[in-house]
Amino acid sequence: MKHQYFAFYKPYGTLSQFVNHGDGKRHHKLIGDWGEFPEGTMAVGRLDRDSEGLLLLTTDGKFSEQQRAKSVEKEYWVQVDGVPEEEQLVQLRNGLALSHKGKTYQTRPCQAWQMDAPVIPQRGKNVRSDRHGPSSWLKIIITEGKFRQVRKMTAKVGFPTLRLFRYRVGEYELGDLAVGEFRTIEPK
């Protein structure tokens, strides 16, 4: 069997899975609700339900493992509550002590800087009103991806994430895909 590879624009509110594993998730959309994929297709990594953007899909477990490696960059565009100063960006870049399931871990150094608001589709659910104060956009490039890591990083430096959008994984970019669309890609 020849393996297949896809770039998918995961919409806000969709779970990064093909099978529903819990009663509490019964009403959430799944990847398979957006199109027909070959049997054995899996998500390469995850994006939480509230995140959106590029999700790679494949039938090739080796490709999945390669793309999740610590040598592969993952680029996020992150709308945060407030406007971080250089001091907070340096903290993000240097790595932070975060916790997951009662264990503390140190994030790897990353790239982080302010960016102009990207041109991306409006989300179905409003992020929030401007009357609650300013928000800003950051570009954060990490080489790991632990549970809700980017959200935890921005919160740790005092600027909670309002919207999280993944644009790139390694050499694969979202490009001009529309929300919920997917295209076949060639492994590099």
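The values are calculated or read from the model by the stated rules, or taken from the named source; none is laboratory data. Given the structure is predicted, the values throughout are model-derived calculations rather than measurements. Virtual Cβ from ideal backbone geometry, glycine too; neighbours counted across all protein chains shown.
The number of residues in the range 139-188 being farther than 18 Å from THR107 by Cα, surrounded by 15 or more Cβ atoms within 10 Å (Cβ to Cβ) and of a type in the set (Ser, Thr, Tyr) comes to 2.
Contact annotation: residue pairs with Cβ atoms under 9 Å, 6 or more positions apart or on different chains, pairing a residue in the range 8-19 that is at positive phi and touching a residue at least 40 places away in the same chain (Cβ under 8 Å) with a partner that is crowded, with 18+ Cβ neighbours inside 10 Å and assigned to a strand (DSSP E or B), are GLY13/GLU52. Within the set GLU173, GLU181, the sole residue that is closer than 18 Å to GLY13 by Cα, at pLDDT 95 or above and charged (D, E, K, R) turns out to be GLU181. Scanning the range 88-110 for residues that are in contact with a helix residue (DSSP H, G or I) (Cβ under 7 Å, 6 or more places away or on another chain) and under 16 Å from LEU138 (Cβ atoms) returns LEU92, LEU96, THR107, PRO109, CYS110. Collect the residues in the range 128-156 that are aliphatic (A, V, I, L, M) and farther than 19 Å from GLU75 by Cβ, keeping them in residue-number order. If the condition is that a residue be aliphatic (A, V, I, L, M) and farther than 19 Å from GLU75 by Cβ, then ALA155 is the only one that fits. Here LEU92 passes the criteria (1) touching a Pro at 6+ places or on another chain (Cβ under 9 Å); (2) exposed (fewer than 14 other Cβ atoms within 10 Å of the Cβ) except the one numbered (2).
Quick one: which residue in GLU36, GLU73 is of a type in the set (Asp, Glu), in contact (Cβ under 8 Å) with a residue 12 or more places away in the chain and surrounded by fewer than 16 Cβ atoms within 10 Å (Cβ to Cβ)? Being of a type in the set (Asp, Glu), in contact (Cβ under 8 Å) with a residue 12 or more places away in the chain and surrounded by fewer than 16 Cβ atoms within 10 Å (Cβ to Cβ) holds for just one of GLU36, GLU73, which is GLU73. Where strands (runs of 3 or more DSSP E) fall entirely within the range 71-111, those with at least 1 residues that are of a type in the set (Phe, Trp, Tyr) and on the phi < 0 side of the Ramachandran plot are at 74-81, 103-106. Among all positions in the range 132-139, there is at least one residue which is part of a helix (DSSP H, G or I) and either within 30 Å of LYS2 (Cβ to Cβ) or not acidic (Asp, Glu) (or both).
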